[in-house]
Every structure is written in structure tokens, then in C-alpha cells.
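To start, the structure itself, in C-alpha cells.
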Protein chains: 2
Amino acid sequence: MRHTMMDFPLTIGGILAHAAKVYGGTEIVSYMPDCSTHRYCVADLASRVARLAGALRELGLQPGDRVATLMWNHYAHLETYFAVPAAGGVLNTLNLRLAPDDIVYIANHAGARFLIVDDDLMPLYERIRARTSFERVIVVPLGGVSAPDAFSDYEHLIAVSNPFANGEPIDENAPVSVCYTSGTTGRPKGVVYSHRALVLHTFCISLPDVFDLSMRKTLALVVPMFHVNGWCLPFAALLTGVRLVLPGPHLDAESLFKLLADEQVILSAGVPSLWHGLIDKLQASPELRAQLSPALHLVVAGSACPESMMVALDRLSIRATHAWGMTELSPVGAFSTLKPHLAQAGSADADQALRYRMKQGLPLPFVEARIMTEQGTARWDGESVGELQVRGPWVAAGYYGDVLPDSWSDDGWLRTGDAAHIDAEGYIQITDRLKDLIKSGGEWISSVALENALMGHEAVKEAAVVAMPDPRWQERPLAFVQLRAGHHAMADDLISHLSTHFTRWWLPDAVEFVDEIPKTSTGKIQKSVLRTRAAELRSRLT
Amino acid sequence: MRHTMMDFPLTIGGILAHAAKVYGGTEIVSYMPDCSTHRYCVADLASRVARLAGALRELGLQPGDRVATLMWNHYAHLETYFAVPAAGGVLNTLNLRLAPDDIVYIANHAGARFLIVDDDLMPLYERIRARTSFERVIVVPLGGVSAPDAFSDYEHLIAVSNPFANGEPIDENAPVSVCYTSGTTGRPKGVVYSHRALVLHTFCISLPDVFDLSMRKTLALVVPMFHVNGWCLPFAALLTGVRLVLPGPHLDAESLFKLLADEQVILSAGVPSLWHGLIDKLQASPELRAQLSPALHLVVAGSACPESMMVALDRLSIRATHAWGMTELSPVGAFSTLKPHLAQAGSADADQALRYRMKQGLPLPFVEARIMTEQGTARWDGESVGELQVRGPWVAAGYYGDVLPDSWSDDGWLRTGDAAHIDAEGYIQITDRLKDLIKSGGEWISSVALENALMGHEAVKEAAVVAMPDPRWQERPLAFVQLRAGHHAMADDLISHLSTHFTRWWLPDAVEFVDEIPKTSTGKIQKSVLRTRAAELRSRLT
């Protein structure tokens, strides 16, 4: 017996076609570099996407060609998300916060033929120009001034081109985009996403227990669209008819607050460092909370949410949910929505609820997770730690142009490189990057647990704990601490604070106060830098 | 450039594997024939599914073999939904409300080798036994008594079998189930669903603007599981971790009320006729409303929801949403969730909102809809009527073993046989079955519009309007009306009521009062029967 269903591909174009017909009047708001707002609706987006796809084909784009972007979050970047795959191209969103060397490496590794760049990012382009070889550079005139000679003008191209209509249906296994890992170590690695993978991921993250996207909501897409497919929220917004607000380059606390208030945003998503300033602002002026939607919900992901941030958001009556993802997962893998029986009232239960909410979360449907130890697959008991490994329809099976078989198990699961356990309820808890664990006298010390406890101290803004080489214990923990403005604390105060939480041999041997914890462009702490400093410190000590 | 994602199939087994790991403790409640409740959790379900699949294989089930069921909604039927495809079989849920002739036709047409039957439905099985040729009949001992000789006992099989673990991954294009159209005309036709189609459909109906399924909710699955994959809600419940309540054979108003109240159900779904009794009960005793969840939400589909029912549910503060589907659509195609700008307060706007809510709804993502007239594709203007045609990944491209090319357009869209228009917002409005339109003097009269207006009269419980042959006008409308108990009305009263809504030539030539409107087993009005009676009436009149 054979099925009798239609053979119908899952494509990004299918999402846009639906949106144009069913949510054509839904508004998309962009905050521009000059702080004005640009407003149009989904029907406008769809018609410009068709013309942009036509323009790319007229410029000579062939199926599979890469189109790089160097852009903020705004309508034009959103247009490239749909137009590049519609034209058969592959979108390569360049992270403008990376060092120019890394941008050059990625653009060249991906082999991008085209670049679309915001006019106000032209100075950055000039810094990479000589070392890249884009055949055509298209400038988006956000400031209203046309592109300089030798460049194509984005608006002009859209104005004069014909809408592109592909005669043939697009294969759901064709590529849509290529994103690069931000890699705290080693060279960035490219993951190439198919239409099928991104459509499935988009359906999944739109579910009620994930981002819960619906026509009733306004979503502020503050996670940069140059991060892993914008977490697929651009696609999910169009799938579900959510009203979309794009912040442009304005991610400071003041601008974020204004955007959230003026547009009555109900949902937003971003890395933890994005919310620090907003929280500080609301804590300093609690009366401002009333200007934001009472239903405001922030999804915190991209790196672990500090417990102090979760608690601060709770006190501000801003719903906060922790999520976990990787470039290799399109990117979302787990979402820490609380099960109803874990969310009961009462203070003891509130503590328990917070413990679950701080975990990385429940694996999404069709994301299979396991904990692998040297003895084999570990039980989901909330204690057995091993490497978190995953597989599923939106999980990478390889990297573009790089053979790195160590990143996958022999039986085909992605090795995340994270040490984790999973509890009986199914919540994943990442305890450390495997290489961030500190092995002291043959026993493991979790740097993450120490960091979270340090950040629970009122004087601490941020903390990072790394291994310091030790002649006797092999490794000992060393804490780097950035204090809050106006706060003071001595090393002894912090060690004494930690001693209420941890056994004695877990306590750091030293606390180094720093002006700022070094981070990657995506907000991840650069432990490799800190480990180097720890080793230097050790050599000075001995 | 090729994508680097995993090749990971979308299978029903993937849904269950996820549920067993992540929602293992979530309760599943079944109301048994003796009115007791059976309670177990998702982990129990998963372990019994593996053993049932093992039992089916041990009995000789080969990949592709059909397994028929003749069962109510309860845990064992739920087990077959997962175990049959896990074993490589194809589930064929027989509609126990059909005439035995039709059940025989379907079981034989599907070529089912196995039958699983509830013990209390054995009398029905005995009526079809001689004309069917199941190799093995498995009896579910709901009453606690083992199966009679010559039959296999469902519980015994599960107790002694080994869990089945397929070594090979299941192909997502393998068949899961075959369901038959209830066909108001002609023989039932079979649609064979693939894993891929049902998984995609399941993701889509779980979205916030569709059934909105989450771990926080309790879902009462009152739509019979022998109707089109139980609307895929059994799969969606396991995908999302909703708490599931199954009513067994108890679908009378008293039992439904008790189940909704005792289990604090938040969501339920069923055909309109299912809710009449519940509404009557709550209208008679308004104080009973407080026993139901304040958030109770009923999805009404399967046939058009009368406006009077929607208004009655609104007055009872029970949220009601209209949906539309077909066997050929797995089954859901459209959902009438109101867009926020159509849901404003104010009485004029409330009327507008009701008009939109009464429509069949917005096509689901990836369900493409069009209105085809003799002049080509019609505009979405809310006026241009033509045949509703659809396509998408969970739409049928053919029937099992039957070649009926007239059901598809030349370019491959499913012809629904419904006359409809779509408005600029995207809401589909079915105006009639094409063959139910009445052509009077060369102009069309909508039987559905007349029926809805008649059902707006306080004395009318149900109404059906059909074409009566007419020597002068070719066809004229004739109304069949069933009055509410205790109410009286004359034909003139009803015609006078209609005359406030319609132009004179639309008014029925006659009103026939009947004790009951004839219906199919799935609650659809049998217009073919009424048309025969209309023709008889005409011949008596002349």
C-alpha cells in the first residue's frame, strides 16, 4: 500500500506565499539609523522580495550562488532572507561584530559572489574590501542617499527589476543559507541549511510551548539577523502572522526600552548581555515598567542566562524563558518552558520552579538528546554527566568544506562539546563546556556553578571562572570578576559568599577584579583569553 | 553548494519517542463503558505500544498490511494509532456508526488482514463477520472478561509479547493509515496518509492560532477516533504534551458535561451535533457553567457550525472556533481564528467579528487555496464564488485503488466540490456544496444561507434546504424544518422571517416539517435523501 498524498515541498517561499495571502495587511516596523521608523506591510514585503529576487537573477545569480549580507535588522535584511532563496541563492549573513579578519575568512570560505551592505556599514566594508572578491556589491541606501559609483543601489535594483517567478518548484533539499559558528576556539565553521530543515524548525519554534507565535502578538526581533538565521524568527513571524518590529542598529538600553514601549511589544528574544541595560534602567526607575506591555515575555538564549537576571526579570513582572541552541541546530534545540506541575505556588516550589527554569530546557519535538559517557548512554536522572549529543531534522550532519568527523559520534549524533545531564522530567542542564570543566585532584569542578553563585552576589556584575594550572592539583579554579558600578567587594567577601554554597576545595584560589570580562562578538565569554591570563598569573605566582 | 543537515525522517514514532522521554508522566484518562475511569501516563502508553507492535509482528503482520479497528475513544484505540504504524502496518479505523454494508465495503476495499474490536462492539462485528475475511480478530476486554475462543485477547497479547524495535529507520513516505470519505453520494473512497503528511499536519494544527496545544492544557478528544485520524489530535497531543481525556462511548450531553467538569477540560473538538445537547443543558441550568473551566474552548468542525450555536456558546462564555476540513486534507484545512483587528469591542464590530468567525477560516500555513470559476482563478474579494481548490503537503493526490481524476484539476489541485469565496483577509466562506446550489431561473440560490437564516428563528432546531424540480424555473428551494421541542411555528411564520433577510425569489416555495433531518453517521445532512423527497413532493403537487 502506497500513500496517496501530494508531493509538496517545504520551502521558505511557501511561508512567504502564505503570509502574503493571509497576513498581507500585517505591519512590519523597522527602526532606522536616524531613529525614524519605516512601516510597511507583509504584502509590500512580498512584492519587493519578488523584485529583489528578479534583480539578483538579472545580475547573474545562478542557483547555489552565495549572497552575503552586512546589515542590521530592518526590512531590507528581512527581504534578503526571502529573496535570496527565492532566486535560488544561498544567504550568508556576515556578523558585523566580528573582527574584520574573521569576516574576510567567512566571506571567502563561503565563496560569496554578491554582497548586500547597509550604507552606514560601508566603512566596515572598506576595511575588508581588498581581501574579499565580491563580484557585485549592493548598497542599501538607509540614509536616503544613492549608492556611490561602482556599487549597485538596492532601491534602484528593486525599482527597475521584474518580479522573479520560478517556473519549477524549488527542491526542499536545496540550500537556503550558510551560517558560521562563532567558535570560541578555532576557525569559524559553516553550516548549510536546507529549505526542509528551516521550515520544520520554524514550525517547531512557533508552537505554544516554544516561542508561542500568533497573529495576536508583536515580536521585537532584537537578536541580530546575522546570528544563525535570526533564530529563524523572521521565518516564524511570516508563518504565524505575528507583527514584527526590527530595531535597526539601536540595541542600547534607551532605544530598546523606547521600542518595546512604543510598539507595545509582547515577545522579544536575545542574548543575556542585551537585557542587562534594560533591567538596570527599569530597576533604577520602576515606574517605567508600566509603559511596557504587562504581558512582555523575553526569551533569553545564545549563552546561559545568569540566575540573577532571571530573578531580576521576575521581580519586574517580565516573563523570562531560557532557551538553548547552536549554529549546528538552526539554532534552537531546547526551551525551558515550565511544566504545569513544576509551576505551583508557594516559596519552596518557587525555588524549585526557578531551578528548572534556569536549565537549558526540554528538547524540542524531533530533537533527540542523549548524554554520552565513557560507559555509554547515561540515564536521565538529573545527575549523570556526560557529553550532550543530539540529532534531528534540523541538526547539522557536517560542515561546509571542512571534514571534522570528531564533531559527530560514530552513530551519527552531533557532539555538542557540552557537559550536561538531563533530569527525569526531560530538562537538559549544561554544566560546562567540556573543556571548561576544572579537574582538581582528579575531581571535576563546574566553572558555571561557581560563576552563577558569584553573580548572585549583589556587588558582582559578571564573573568567569577558569582553570589555572596547578603543580599539586593539576588545575585550580580562578575567578575573574567585574563589579557593578558603585559597588565594592574584596576577594575575601566573595570567597566567603561562595563558601555558603560549595565545599571547600571548590573555592577559587584567587579572585581577579577586571574592568570587563572579554567576550566574543556574540556575547560569549572568551574563556581561551582568560585561560591564557590565568596561566600568566600562575607563572608570576611561582 | 549542498546542505549539510541530517537526513532525519518525520515519523509518528518520532512523536511518541519524544513524548515518552519528555512528557512520560503526563496523564491519559479514558472513560470506560461502565463509566469508571482508566488512568495511566504517557510512559505506560509508550511501553504498551512497543509490546502491541511486537504482538502484531508476532501474529504475522507484514509491512503495509492493514489493521482495522472498530473501537471507541480510549487508551487502547490510542495505542493502535501508534503501534500499527510502528509495526509497519496501516491503520484503518472503521466508523462504527456506518451501516454494516458500508463497514463491510470499507474493510474489504482496504483489504484489512487484522481487526481490533472493543468487546462491547462484538455484536456489530457479528453483523459483518460473514462478509469480511479478517485473518485475525483481536478483542479488547474493556469489560474485564477475556476474549471468547477463536479470538485473540488484546491484553493477553500485550502481556506476552516482546517490545518491537525496528532496526531500520521508517521511511517518512511509508503509509500510516487509510481513512474513507463518508461520501454523501457514491461509495466511500480511501485516502492513504504518509508519516510525513501526518507529522506536518500535526505540527501545523498544534500552532497557537490553530488548536493551540500545550503542556498547560487538558484536551477532551470527543471527535471519534474513527473519523479521519481523530483529526490528528491523538498525534498532536503527544507532540505537545497536552493532558488527554478520552470519552469512551459516552457522548450524550450528561456524560460530556460530567467529563468536561470533572477533568477541567480546557479544549475540546467535535462536530456541531455533538454540542447541541450540552448547550441545551447549560441553557436550562445556567448555574452549571461554573463547574466547567472558565477557559473552555470548543472547536466546531466536520460540518458547518450554525450561527445560532456560535451565539449560544458566546452567551455561555464558552469560546468557540469554527474550523474546516475534509478526509482528503488529513483533515484540517482552515481555522477561523479571528485576526486581532477584526476582534475589536463594540456592538457593530461584534457583528462583524461574528461574520468572520462563522466562515470556514484562514487556510493553514502550507495549505494553498484558490477559487476556480469558468473564467479562471477568482480574486479574494469576499464575493467571487467558484469551486474551492486546495493543495499542500497533507492534501490527497488520489484515492486508494480508485481512479477519479475528476476530483483533481489538470494542474493538480484537489477539487473540493464546494462553492466558496475568499475575502481580502484570507477567510474562506463555503457558500454551498456545488451540487447543493439551487439554480432558479438561471440564478443561484444558496441553500446554506437559507438554512442559517431559518436556524436563526427561535422555533427552529435544524433546517435543510434543497432544490425541488420546477417546470418553469428549473429548480426552486424547498425547506425541511425540524422544530425545537415545545416550540410551534407555521410555514408562513418562517417564510415571513426569511423575507426580512432575502429577496423574494430566494424564498422557499414550501416548508416541510419533519421529526428529524436525515443525517449520515458523521452528522452531515443527507441532502440526497431530501432531494428524492423533494422530487416526490413535486410529483404529488403536480
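Compared with its chain on its own, the range B:1-48 contains the following residues whose accessible area drops by 40 Å² or more in the full protein assembly (probe 1.4 Å; ligands, DNA and RNA excluded): B:Met1, B:His3, B:Thr4, B:Met5, B:Met6, B:Phe8, B:Leu10, B:His18, B:Lys21, B:Val22. Could you compute how much accessible surface A:Ile170 exposes when probed at 1.4 Å, giving the result in Å² to the nearest 10? Surface accessible to solvent at A:Ile170 totals approximately 40 Å².
Around the amide H of A:Thr93, modelled in the peptide plane, lie the amide H atoms of A:Thr69, A:Val178, all under 5 Å away and 5 or more residues distant in sequence or on another chain. For the range B:12-250, DSSP calls about 35 percent of its internal beta bridges antiparallel. Within chain B, DSSP assigns beta bridges of which about 60% are antiparallel (rounded to the nearest 5). Ligands, DNA and RNA are left out, and with a 1.4 angstrom probe the accessible area of the protein assembly as shown is 38 Å² per residue. Per-residue SASA remark: A:Cys35, around 90 Å² accessible (1.4 Å probe; ligands, DNA and RNA not included).
Out of the total accessible area of the range A:437-541 (probe 1.4 Å, heavy atoms of protein only), what percent is carbon and sulfur? Taking all protein chains in place, the range A:437-541 shows 49 percent carbon and sulfur surface.
The dipole here belongs to the range B:1-149: it is taken about the Cα centre, uses +1 on the Cβ of Lys and Arg and -1 on the Cβ of Asp and Glu, and is about 420 debye.
Cα centroids of the range B:355-423 and the range A:32-62: 30 Å apart. Here the range B:290-337 and the range A:292-321 have alpha carbon centers that stand 35 Å from each other. Extending 7 Å from the Cα toward the beta-carbon at both A:Arg289 and A:Thr500 defines two label points whose distance is 2.4 nm. Using a 1.4 Å probe on the protein heavy atoms, what percent of the accessible area of the range A:206-310 belongs to carbon and sulfur? Of the solvent-accessible surface of the range A:206-310, carbon and sulfur hold 56 percent. With a simple spin-label model that places each label point 7 Å from the Cα along the Cα-to-Cβ direction, the separation between A:Asp171 and B:Leu537 comes to 6.0 nm.
Report the GluC sites (Glu not before Pro) located in the range A:289-374 that are in a DSSP loop and have at most 10 other Cβ atoms inside 10 Å of their Cβ, or state none. Hits after loop and neighbour filter: A:Glu374.
Under a model in which nothing but the beta-carbon of Lys, Arg (+1) and Asp, Glu (-1) is charged, the range B:12-250 shows a dipole of about 360 debye around its Cα centre. Count neighbours as other Cβ atoms within 10 Å of each site's Cβ, and list the GluC sites (Glu not before Pro) in the range A:507-541 that are DSSP loop with at most 16 such neighbours. Answer in residue order: A:Glu516. Taking all protein chains together and a 1.4 Å probe, the residues A:Met358, B:Met225 rank A:Met358, B:Met225 from largest to smallest accessible area. Ordered by 1.4 Å accessible area with all protein chains kept, A:Asp381, B:Asp7 run largest first as B:Asp7, A:Asp381. For the range B:437-541, the direction-averaged projected area of the alpha-carbon convex hull comes to 6.6 nm².
FRET efficiency for the pair A:His488 and A:Ala159, taken as 1/(1 + (r/R0)^6) with r the Cβ-Cβ distance and R0 = 51 Å, rounds to 0.30. Beta bridges from DSSP with both residues in the protein assembly as shown: antiparallel share about 60 percent, rounded to the nearest 5. Excluding ligands, DNA and RNA and using a 1.4 Å probe, chains B and A jointly bury around 5800 Å² of accessible surface, summed across both partners. In the assembled protein chains, B:Leu251 presents an accessible area of approximately 40 Å² (probe radius 1.4 Å). Ranking A:Leu342, B:Leu437, A:Leu52 by how far each Cα lies toward the positive end of the dipole of the protein assembly as shown (charges on Cβ) leaves A:Leu52 at the top. For the range B:198-226, accessible area lost to neighbouring protein chains reaches 50 Å² or more, against the chain alone with a 1.4 Å probe, at B:Phe203, B:Leu207, B:Pro208, B:Asp209, B:Met215, B:Arg216. Of interest is the spacing of the C-alpha centroids, which for the range A:137-177 and the range B:463-486 amounts to 59 Å. Helical runs assigned H by DSSP (4 residues or longer) give chain B a calculated mean residue ellipticity at 222 nm of -9000 deg cm²/dmol, each run adding -39500 (n - 2.57) before division by the residue total. The portion of the accessible surface of the range B:314-382 made up by carbon and sulfur, rounded to a whole percent, is 47 (1.4 Å probe; DNA, RNA and ligands excluded). The Stokes-Einstein estimate for the range B:12-250, based on a Kirkwood radius over Cα pairs and taken at 25 °C with 0.890 mPa s viscosity, is a diffusion coefficient of 138 µm²/s.
With bins 20 Å wide beginning at 0, the percent of Cα pairs of chain B falling in each bin runs 21, 55, 23, 1. Applying 0.36 nm per residue to the separation of B:Ala43 and B:Ala350 and subtracting their alpha-carbon distance, the gain on full extension is 106.0 nm.
Put a dot 7 Å past the Cα of A:Asp252, heading toward its Cβ, do the same for A:Glu126, and the two dots end up 2.3 nm apart.
In the protein assembly as shown, how does Rg compare with the Kirkwood Rh, expressed as the Rg/Rh ratio over alpha carbon atoms?
Ratio of gyration radius to Kirkwood radius: 0.99.
The values are calculated or read from the model by the stated rules, or taken from the named source; none is laboratory data. On a predicted model such as this, the values are computed, not experimentally measured, just so you know. Please note: Cβ atoms are built from the backbone with ideal geometry, for glycine as well, and neighbour counts cover all protein chains shown. Side chains included, ligands, DNA and RNA excluded: accessible areas come from the protein's heavy atoms. Shrake-Rupley method; radii C 1.70, N 1.55, O 1.52, S 1.80 Å.
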